[in-house]
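Step one of this worksheet: look at the structure below.
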């Protein structure tokens, strides 16, 4: 089962910083060898070719996880909060019984959130904001469009207080685009009075009475339209290298530059188009 939750953006941020620095070191190393040898060699071209892709994509990934760190911090500070409660060990154990029973049905009844093996001494904190929930250290977006969305929300009638979102997850591989239906099922503390408030908010989000995170797709459109010319400029640089025939092995560098520039430039234009379509869907009344 594909897990759509996001965990530990700080760790991912540091990993992306390390990979990006190594990639830029390879690009610089290859460029230095070209300057020393006064021609492009297979070795220098390989260094530049291997390092160029992560060097280009790395800053975007770093920015993405940096924003993730800020989102986690903002949620814990209470920004845009609509509900917060702490689930005790006894409540989590009681919830676990009904959760396990419903998971046995499999498929669309399977909970995409995995309960922690060890509960923190202070209990499990669950924080709902306008378009997401932070369950302990795991973040789930709660929107009506995109790769992970919810299509229904309600409270279970049996067992301990439990809120359940019916979810649809979309992901792609090399051969196809697939979707799976599941649920995000979370315990509600009996001591908290925010469960009904959360339920009402997300019912209004589902009916488009409330539009959450309205600028999300607009930002993706802007990113795609800015990144596409940069990628096409990389491809143009590859054509220049190929035309001047720098060294006997100029194709070893020009080929990757042209290929990656055209592929990622086209991908950025597709990103902008998809973001525009999803923004229209986001604003469409049900």
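Please tell me if residue 96 is more than 19 Å from residue 141 (Cβ to Cβ), surrounded by fewer than 17 Cβ atoms within 10 Å (Cβ to Cβ) and in contact with a strand residue (DSSP E or B) (Cβ under 8 Å, 6 or more places away or on another chain). Reasoning before the result, please.
On the way: more than 19 Å from residue 141 (Cβ to Cβ): yes; surrounded by fewer than 17 Cβ atoms within 10 Å (Cβ to Cβ): yes; in contact with a strand residue (DSSP E or B) (Cβ under 8 Å, 6 or more places away or on another chain): no.
Judged against the criteria, residue 96 is not a match.
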Among the residues of segment 88-109, the number that are farther than 14 Å from residue 161 by Cβ, more than 27 Å from the chain's Cα centre (by Cα) and assigned to a loop (DSSP other than H, G, I, E, B) is 2
Among (1) within 25 Å of residue 113 (Cβ to Cβ); (2) out of contact with any strand residue (DSSP E or B) (no Cβ under 7 Å at 6 or more places or on another chain); (3) modelled with pLDDT of 85 or more, residue 172 falls short only on (3)
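Could you identify the single residue in 55, 73, 23 that is surrounded by fewer than 16 Cβ atoms within 10 Å (Cβ to Cβ) and free of Cβ contacts under 8 Å to residues at least 60 places away in the same chain? Walk me through how you get there before you give the answer.
Working: 55 fails: surrounded by fewer than 16 Cβ atoms within 10 Å (Cβ to Cβ); 23 fails: surrounded by fewer than 16 Cβ atoms within 10 Å (Cβ to Cβ).
On inspection, the qualifying residue turns out to be 73.
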With criteria (1) at pLDDT 90 or above; (2) under 27 Å from residue 8 (Cβ atoms); (3) surrounded by fewer than 14 Cβ atoms within 10 Å (Cβ to Cβ), residue 117 comes up short on (1)
Among residues of segment 259-284 being crowded, with 17+ Cβ neighbours inside 10 Å and at pLDDT below 80, the residue farthest from residue 210 (Cα to Cα) is 260
For this session: Could you tell me whether residue 178 is within 22 Å of residue 142 (Cβ to Cβ), modelled with pLDDT of 70 or more and either out of contact with any strand residue (DSSP E or B) (no Cβ under 9 Å at 6 or more places or on another chain) or part of a helix (DSSP H, G or I) (or both)?
Result: no
Matching residues in segment 196-229 (modelled with pLDDT of 85 or more and touching a strand residue (DSSP E or B) at 6+ places or on another chain (Cβ under 9 Å)) number 9
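The values are calculated or read from the model by the stated rules, or taken from the named source; none is laboratory data. Since the structure is predicted, the reported quantities are computational estimates derived from the model, not experimental observations. Here the Cβ is made from the backbone with ideal geometry for all residues, glycine too, and neighbour counts use every protein chain on show.
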